[in-house]
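Undergrad: Following this message is one structure expressed as structure tokens.
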Amino acid sequence: MRIIGGNLRGLKLADVGAGDTAAHLRPTTDRVRESIFNLLVNGTHGNPIPGARVLDLFAGTGALGLEALSRGAGRVAFVDDGVAARALLRQNIEKARAMGVTDVWRRDATKLGENRGPGFDLIFLDPPYGKGLGEQAIASAMANGWIAPGAMIVWEESSAPPAVTGLERIDQRKYGDTVITLLRPETA
């Protein structure tokens, strides 16, 4: 796995091999990650990355958040409760020399608790496939002030997620066994 764009382009990330199914590590492939960022940067909805506060839920290796950082995001908060994931994540943050602009939080993404700071502008949601954890995480994020007005949510799953009250679907694409859904908070 490598960073595919921005100022860290070409940076090789810590090797996970085929992933760690016991730890629910299933890295987003370079191809899917490139497609996600093409949708974000070139979509008709405006590029949400420059200067963004990014929340990477079920962060795993951190590849999505680090890719956003490479492309101009201001700060990234990584959330994962897995020991193996956090170890890889810390290695990747060090490789990217991003210690000053990242936070790593050990917590359950489905039970975020109250956000004490401003909401996040760009949220990556890459839960273990087919377990309903994405729905729980997005409900927790919405209920506890983690999502800024006008934020972009990128949800990666094995199938199209159900509609979520309060969010509108902007785009949806299928890449092999992965479905990428872009969502935004509905405007009143």
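No value in this document is a laboratory result; all are computed from the given coordinates. On a predicted model such as this, the values are computed, not experimentally measured, just so you know. Reconstructed Cβ throughout: ideal geometry from the backbone, glycine too, with neighbour counts over all protein chains shown.
Undergrad: At 0.890 mPa s and 25 °C, plugging the Kirkwood radius over alpha-carbon pairs of segment 62-106 into Stokes-Einstein gives what diffusion coefficient in µm²/s?
TA: On the way: Rh = 10.3 Å.
For the chosen part, D equals 237 µm²/s.
Undergrad: Follow-up. In nm², what is the average projected area of the convex hull enclosing the Cα atoms of segment 29-75? Intermediate results must be reported in sequence, preceding the final value.
TA: On the way: hull surface 12.9 nm².
Projected area, direction-averaged: 3.2 nm².
Undergrad: In the calculated pair distance distribution of the chain, what percentage of Cα-Cα distances lie above 26 Å?
TA: Working: 3732 of 17578 pairs.
Cα-Cα pairs of the chain separated by over 26 Å account for 21 percent.
Undergrad: Treat the count of other C-beta atoms within 10 Å as a stand-in for reagent exposure and order Val54, Val83 from fewest to most.
TA: Working: Val54 28, Val83 9.
Placing the least packed residue first, the sequence is Val83, Val54.
Undergrad: Can you give me the Kirkwood hydrodynamic radius for segment 22-102, using every pair of distinct Cα atoms, in Å to one decimal? Walk me through the intermediate numbers first.
TA: On the way: mean 1/r = 0.0770 Å⁻¹.
About 13.0 Å for segment 22-102.
Undergrad: Largest first and to the nearest Å, give the Cα extent of segment 75-164 along each principal axis.
TA: 38, 29, 20
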